[in-house]
1. What is the spin-label model distance, in nm, from Ala705 to Tyr555 if the labels are put 7 Å beyond Cα along the C-beta direction?
2. So, in nm, how far is label Glu478 from label Leu409 when the simple model puts each one 7 Å beyond its Cα toward the Cβ?
3. Among the listed pairs Lys419/Lys460; Lys229/Lys460; Lys282/Lys304, which are separated by more than 26 Å between their Cα atoms?
4. If I model a spin label at Ser579 and Arg647 as a point 7 Å from the Cα along the Cα→Cβ vector, what separation in nanometres do I get?
5. Share of Cα-Cα pairs in the stretch 580-649 beyond 13 Å, in percent?
6. Find how much the distance from Glu590 to Lys195 grows on full extension, using 0.36 nm per residue of separation minus their present alpha carbon separation; answer in nm with one decimal.
7. Mind checking the full-extension length gain between Lys355 and Thr517? Use 0.36 nm per residue of separation minus the Cα-Cα distance, one decimal, nm.
8. Between Asp261 and Ala18, what FRET efficiency comes out of the Förster formula 1/(1 + (r/R0)^6) with R0 = 41 Å and r the beta carbon distance, rounded to 0.05?
Amino acid sequence: SYFLRHARSRNYVSESEACKLESVPLDFGDYHPLKPITVTESKTKKMNRKGSTSSTSSSSSSSVLDPLSSVLDGTDPLSLFAAAADPGTTAAATDGARRKRDKDESSAVGSDFEPWSSKRGEILARYTTTEKLSINLYMGSEKGKTTTTGSAVSEKVRTRLEELDDLEEGSQKELLNLTQQDYMNRIEELNQSLKDAWASDQKVKALKIVIQCSKLLSDTTVIQFYPSKFVLITDILDTFGKLVYERILSMCVDNRVSLPDNFSPESVNDTAKETCLNWFFKIASIRELIPRFYVEAAIVKCNKFLSKTGISECLPRLTSMIRGIGDPLVAVYARAYLCRVGMEVAPQLKESLNKNFFDFLLTFKQIQGDMVQNQLVVQCVEFPLYLTLYSPAIDWILQCIAYHAPDVLLTEMMERCKKLGNNALLLNSVMSAFRAEFIAARSMDFIAMIKECDESGFPKHLLFRSLGLNLALADPPENDRLQILNEAWKVITKLKNPQDYINCAEVWVEYTCRHFTKREVNTVLADVIKHMTPDRAFEDAYPQLQSIIQKVITYIYDFALLFSVEKFLPFLDMFQKESVRVEVCKCIMESFIKHQQESTKDPVILNALLHICKTMHDSVNALTLEDEKRMLAALINGFIKMVSFGRDFEQQLSFYVEARSMFCNLEPVLVQLIHSVNQLAMETRRVMKGNHSRKTAAFVRACVAFCFITIPSLSSIFTRLNLYLHSGQVALANQCLSQGKA
């Protein structure tokens, strides 16, 4: 016989509650992975198919001890770290301060703050080396990978700690004699290895890679490459910090609802907090200071999961850790990284940034210590070159501190820098990082400080260049302007190296054009010609010379005034390279078309601009692109339209005839000239009210003859037909019957 079977009714909610493991609340104040482990077992009997009730028994045992705890006496530093990480112990005491910080969230970084990413490319391009480099690569380890399914929790802890120790026990391979490009490729390989290890759930391997990379930042054997090395390594650290943060954040997803951006630690579940603490404990057990500092700084944002005050407590502690780094160059870049992380996670916590900088000032004299001097002798590096290695780090630190900082704080920092001996490096960074308005208002004070600097350490012309960059953005007091220019130019004009000279002169030309007359501008241009003409030095300075022209025509857009500057046209003669010369001519013509409001017949302007337009026209050849031809023709046509001799029609026609001979290779210009001549004939008719005299009749016939001769030179058939039609109508309107028929 057959039996019909029906699925029995089930209550999944009640069954789930009955089968669920017993939950034990976790107190983070008492929790630590190296403390004795209490194992709570939940044994659940399976329900039989007939629906019998389940019985659950729980047993707790404290006899299972972590093997590592027998070595320690309970006073290990990680236990203290765990106690400090307890969010409950400090919450009540800091409640008022916490509310205040919440109000300060509005002071977050805005679009007016220049990000680190914009400086990255410049640093990599500037700090290069031809010397051979070395790197330690992590080779991986198979230790501990074959574990039995019944291994205890303590065995797992021991295995993971042994894996971390592998890095220091020789699981590395040192690669020697790498070129700079090879080195950068290896670093990129490590970055990719980090992502691959993380994607394959090999978190310990990922941590090893990050520790190994951080250790490279303690190596200054090729010192001139250190800033670029810092950029490459911190890219890996940033990747690691982002991966850890996103992993913990993904563990906070509850019912497919993720945490909001401004979440509080109370909304983070216990599993995520436990994982977060575990990462901090792993990092705290790193033996060496530099990798421990960098890796913890990379994940400092994860403190948000533990307590509201976690970041504000962590940053000052990390700042103090940097005091233990002996090499001043390594230390200042560590400070720069901490500022960078601090501005990303808590830009409102300016106290730790200020402490970071003031700590640096206290150790500034180390730069001139015996250790540094011996290192430079060994590597054959000059002291001025060594000082430039500090610039990216100090500039960044000061930029972070000066962002929206009150003038009182900036003045205090300026005074502290002034008290230090040989402070040219600091002074340059101050002028690079502080607000231009602050610098400009105290220009004479900065000039006095520049004069007192030691020339041997940091060149004064670089200081004046930094000052000039600020004065291009903000105006100094009116009474000081001429004195500032005189003081700066005294130093600039004495420079023997053409490249140093033009780098400074380029900056101060803008200041001169903004605040002074054509007399001062002419003096500056004459000085540039004098310095850059010998040995054809201008050939290596075309970008700077182009910049000078651009600044001059930006501020002097009255072309009658511009061409009355005696040295302007001789300055243009320095552009011997055709491509550069054409670009400069295009800039001048664009400025003329943009700013010239009225028609002109000034012979100085016409001769100069005809010469410039002729230069552009002569650059056209068989390989010139159509777009380029159109652009050049539009600029020349713009100039032709702005030329007017008023009632002197014969002079106007003579100009058009001359223009036709000069611009015969650009058809759009010839078309424009034909239209202009036809318009001139009709204007003559209007003046004579249709009744030509013998003289005007001959003039009109000359205009028609101009068109009759010019149109056949055009290649486009339809353009020729339209112009013939148009010119014929003009001829008939002016009683030129025979020309009209032709």
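1. About 5.2 nm, to one decimal.
2. Here the modelled spin labels are 3.4 nm apart.
3. On the way: Lys419/Lys460 18 Å; Lys229/Lys460 28 Å; Lys282/Lys304 18 Å.
Going by Cα-Cα distance, Lys229/Lys460 fall outside the 26 Å limit.
4. 5.2 nm
5. Numbers: 1575 of 2415 pairs.
Across the stretch 580-649, Cα pairs with separations above 13 Å total 65 percent.
6. Values: separation 395, 0.36 × 395 = 142.20 nm, distance 5.01 nm.
Using 0.36 nm per residue and subtracting the Cα-Cα distance, I get 137.2 nm.
7. On the way: separation 162, 0.36 × 162 = 58.32 nm, distance 4.63 nm.
Once the chain is fully extended between Lys355 and Thr517, it gains 53.7 nm.
8. Details: r = 39 Å, r/R0 = 0.95.
That pair, Ala18 with Asp261, gives E of 0.60.
The values are calculated or read from the model by the stated rules, or taken from the named source; none is laboratory data. Predicted model, so just to flag it, every value in this text is computed and none were measured. So basically every Cβ, Gly included, is an ideal-geometry build from the backbone, and we count neighbours across all protein chains shown. The area values use the complete protein model at the heavy-atom level, side chains included, leaving out ligands, DNA and RNA. Shrake-Rupley method; radii C 1.70, N 1.55, O 1.52, S 1.80 Å.
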